[in-house]
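Q: Let me give you the structure first, and then I'll get to my questions.
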Amino acid sequence: MSGGNAYKRKSHRRIEVITSVAAVVVLYVILESFGVTCPIKYITGISCAGCGMSRAWIALMHFNIHEAFMYHPLFATGCCYSYASEI
């Protein structure tokens, strides 16, 4: 019987994760329809770490290392982590 309970818990956990992800997506779509792409920047006026990191990676893909560093100085840690995880 404990196997059945474990299956139910896994099933409930999966439903919770799917529901949470769906809620975040719906919230993002609603905010974006009002012109808010980053709630942190909208509330504080300061770009969040995610905003700068995304721009830094895009600049790096264009081989503009200086611009990438100016968007987010810690983008290099992500590069090092990505490289180290492959080894």
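What follows is calculated from the coordinates using simple rules that are stated; it is not laboratory data. Note that the structure is a prediction, hence the values are computed from the model and not measured. Here Cβ is always computed from backbone atoms with ideal geometry, including for glycine, and neighbour counts include all displayed protein chains.
Q: Give me log10 I(q)/I(0) at q = 0.13 Å⁻¹ for segment 15-66, Debye formula, one equal scatterer per alpha-carbon, no solvent.
A: The calculated log intensity ratios at q = 0.13 Å⁻¹ are -0.47.
Q: A follow-up question, please. Just from its helices, what would the mean residue ellipticity at 222 nm be for the chain, if runs of 4 or more DSSP H residues each count -39500 (n - 2.57) and the sum is divided by every residue, rounded to the nearest 500 deg cm²/dmol?
A: Details: 5 runs with 70 residues, N = 87.
Per the formula, -26000 deg cm²/dmol.
Q: Still on this model: From the backbone phi of segment 19-35, what are the Karplus-calculated ³J(HN,Hα) couplings (6.51 cos²θ - 1.76 cosθ + 1.60, θ = phi - 60°) in whole Hz, Gly and Pro given as x?
A: Each residue's phi maps through the Karplus curve to give 5, 5, 4, 4, 5, 5, 5, 4, 4, 5, 5, 5, 5, 5, 5, 8, x Hz.
Q: Taking percent of Cα pairs over 16 Å apart straight from the coordinates, which label in (i) 49; (ii) 63; (iii) 70 is the correct one?
A: Recomputing percent of Cα pairs over 16 Å apart here gives the entry labelled (iii).
Q: Also, I was wondering about something else. So if we plug the beta-carbon distance of SER47 and ARG9 into 1/(1 + (r/R0)^6) with R0 = 25 Å, what FRET efficiency do we get, rounded to 0.05? List each step's numbers first, then the result.
A: On the way: r = 40 Å, r/R0 = 1.59.
Efficiency at R0 = 25 Å is approximately 0.05.
Q: Shifting gears a bit: ³J(HN,Hα) across segment 43-51 via Karplus (A = 6.51, B = -1.76, C = 1.60, θ = phi - 60°), whole Hz, x for Gly/Pro?
A: 6, 9, x, 10, 5, 7, 4, x, 4
Q: Only sites in a loop by DSSP and with at most 16 other Cβ atoms within 10 Å count here; which chymotrypsin sites (Phe, Trp or Tyr not before Pro) in segment 26-87 make the cut?
A: Counting only loop positions with at most 16 other Cβ atoms within 10 Å, the chymotrypsin sites (Phe, Trp or Tyr not before Pro) in segment 26-87 are PHE34, PHE63.
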